[in-house]
Amino acid sequence: MTGDAAWAQLEYGYVVVGGGTAGAVVAAGLSQVHCGNREVRSDEDLSALARAASHTVYHVSCTARMGAPEDPDAVLDPELRVRGVGSVRVIDASAFPSLTTVNPVIAVLMLAERGAEIVARAARVA
């Protein structure tokens, strides 16, 4: 998911966690929404907050997607090899086809274990 659809889903998450739109909270007279030192009084404020406060700097992943042979968006094949480049594999979070819903460390460790098995098997065959 990219672009406007990704931002819309992120903003929806803020609304769900916050219990409704910022505008609805203010209209109900409950108070404005606060997040850190930011005051959120409208849906536009909420959108701006989501865009300013959300980033992937800590869990960058999905930049070299692994996928089936017929997947045109996959950079890696199911054996974690870079398509069209001999003997190069990517065995880290960039191989994920989509973001995990939790901290990715366990998924990275599982992928690393599986990648090590794949590399060892390929070495035995060669």
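Points worth noting:
- In segment 59-126, one over the average inverse separation of all distinct C-alpha pairs is 12.3 Å, which is the Kirkwood hydrodynamic radius.
- Where VAL75, VAL102 fall by accessible area, highest first, once all protein chains stay in place (1.4 Å): VAL102, VAL75
- Couplings 3J(HN,Hα) of segment 72-88, computed from phi: x, 8, 7, 7, 10, 7, x, 9, 6, 8, 6, 4, x, 10, x, 6, 10 Hz, in residue order, whole Hz [Karplus 6.51 cos²θ - 1.76 cosθ + 1.60, θ = phi - 60°; x for Gly and Pro].
The values are calculated or read from the model by the stated rules, or taken from the named source; none is laboratory data. This structure is a prediction, so every number in the text was calculated from the model and none was measured. When the accessible area is computed, the model is the full protein with side chains, heavy atoms only, and any ligands, DNA or RNA have been set aside. Shrake-Rupley method; radii C 1.70, N 1.55, O 1.52, S 1.80 Å.
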